[in-house]
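Below is one structure, written out as structure tokens; comments come after it.
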Amino acid sequence: MRKNIVAGNWKMNKTFEQADELVSTLVEKLEETELKQNTLMILCPPYPYLEMSTDYSNDSYFMVGAQDVSEHEEGAFTGEVSAAMLESMDVEYCIVGHSERRQYFHESDQQVAAKVNQLLAHEIRPIVCCGEVLEEREANKQFDVVKRQICDGLFHLSAEQFASVVIAYEPVWAIGTGKTATPEQAQEMHAFIRSLIAEKYGKEVADETSILYGGSCKPGNAKELFANPDVDGGLIGGASLKADDFMAIATAF
Ligand code: 13P
């Protein structure tokens, strides 16, 4: 079902003690302030903190997601973490195809597709990232780029499988730069993505898909971004590392 989602991508930040403090503070805040109905909070800490986070979540305050997964089922892949492992740790979501994975680890759309398959085979919902770099936007190629990422990464799925997918549009030029897409730019791209889904799977599936915005989303701009009809929440980097900021974003719907 289409939900409003605020997901925190911690990236490679925080020691165990700092992570523990952030999650416990969030739980205290969520006890004081209930999120609106149909609003879901997801925390995506680094792998070593997944168990601590699922312990705190107690299946009620928030869901826990990983930041990446192996495209392989199991075996001799030193350093990798499989979807089966995540499933066995009660992880329910996983980010795939983040621009940092694409840029620094050369992750291709085909690898994104393989990772999505692994996650779905283990009943974990993929949060699939897409988005153009600055030069692509300046050349007005943002729609071609996002279309390719979505088609090649996701459109091999059946409609039933696709129903488990969350999409995050993250213009790369807005990530960690303080430069946010305008609400109009976000809405334009989100509506485009929804139209692609409608073309492939029909309007009903498209209307049920949550499409999140990511890139310098913070308490000061979340409300105007989330007010758009096709923006169903955010994938938050820097601002998810501070409990007050993340709560302010989670209550901006
Ligand atoms: P920032 O919110 O720090 O710009 O990061 C966005 C992001 O990449 C979330 O996945």
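From the list 99, 82, 60, 24, the one residue that fits, being in contact with a Cys (Cβ under 7 Å, 6 or more places away or on another chain) and either modelled with pLDDT of 95 or more or among the polar types (S, T, N, Q) (or both), is 99. Screening residue 178 on (1) assigned to a helix (DSSP H, G or I); (2) open to solvent by 30 Å² or more (accessible area, probe 1.4 Å) shows it passes everything except condition (1).
A search for C-beta distances below 7 Å between a residue of the stretch 206-225 that is more than 15 Å from the ligand (Cβ to nearest atom) and any residue that is assigned to a loop (DSSP other than H, G, I, E, B) and small (Gly, Ala, Ser), counting only pairs 6+ apart in sequence or on different chains, returns 208/163; 223/252. For the condition within 23 Å of residue 225 (Cβ to Cβ), of a type in the set (D, E, K, R) and under 14 Å from the mean Cα position of the chain (by Cα), what is the one hit in 137, 101, 125? From the options 137, 101, 125, the qualifying one is 125.
If I filter the stretch 226-251 down to residues being hydrophobic (A, V, I, L, M, F, W, C) and more than 12 Å from the ligand (Cβ to nearest atom), which single residue comes out as most open to solvent (accessible area, probe 1.4 Å)? Filtering the stretch 226-251 for residues that are hydrophobic (A, V, I, L, M, F, W, C) and more than 12 Å from the ligand (Cβ to nearest atom), the one most open to solvent (accessible area, probe 1.4 Å) comes out as 227. Among helices (runs of 4 or more DSSP H) entirely within the stretch 61-143, having at least 2 residues that are touching a residue at least 12 places away in the same chain (Cβ under 8 Å) and away from the ligand (no atom under 16 Å from the Cβ) singles out 83-88, 109-121.
Give me a count of the residues in the stretch 1-32 that are within 16 Å of the ligand (Cβ to nearest atom) and touching a strand residue (DSSP E or B) at 6+ places or on another chain (Cβ under 8 Å). Here the count works out to 6.
Just to be sure, is residue 85 open to solvent by 30 Å² or more (accessible area, probe 1.4 Å) and within 28 Å of residue 36 (Cα to Cα)? So residue 85 does not fit the description; no. Filter the stretch 1-36 down to the residues that are outside any helix (DSSP H, G or I), free of Cβ contacts under 8 Å to residues at least 24 places away in the same chain and not charged (D, E, K, R) and list them by number. The answer is 15, and nothing else. With the condition kept exactly as written, say whether any residue in the stretch 151-163 is in a loop (DSSP other than H, G, I, E, B), touching an Asp or Glu at 6+ places or on another chain (Cβ under 7 Å) and open to solvent by 10 Å² or more (accessible area, probe 1.4 Å). Yes, the stretch 151-163 contains at least one residue that is in a loop (DSSP other than H, G, I, E, B), touching an Asp or Glu at 6+ places or on another chain (Cβ under 7 Å) and open to solvent by 10 Å² or more (accessible area, probe 1.4 Å). When the stretch 214-250 is filtered for residues that are of a type outside the set (Gly, Ala, Ser) and closer than 21 Å to residue 45 by Cβ, the ones remaining, listed by number, are 217, 218, 219, 235, 236, 241, 242, 244, 245, 246, 247, 249. For residue 190, the criteria (1) more than 21 Å from residue 67 (Cβ to Cβ); (2) open to solvent by 20 Å² or more (accessible area, probe 1.4 Å) hold in every case but one, which is (2).
The values are calculated or read from the model by the stated rules, or taken from the named source; none is laboratory data. Since the model is a prediction, treat every value here as computed from it, not as a measurement. No Cβ is skipped: glycine too gets one built from the backbone with ideal geometry, and neighbour counts run over all protein chains shown. Only protein heavy atoms, including side chains, enter the accessible area calculation; ligands, DNA and RNA are left aside. Shrake-Rupley method; radii C 1.70, N 1.55, O 1.52, S 1.80 Å.
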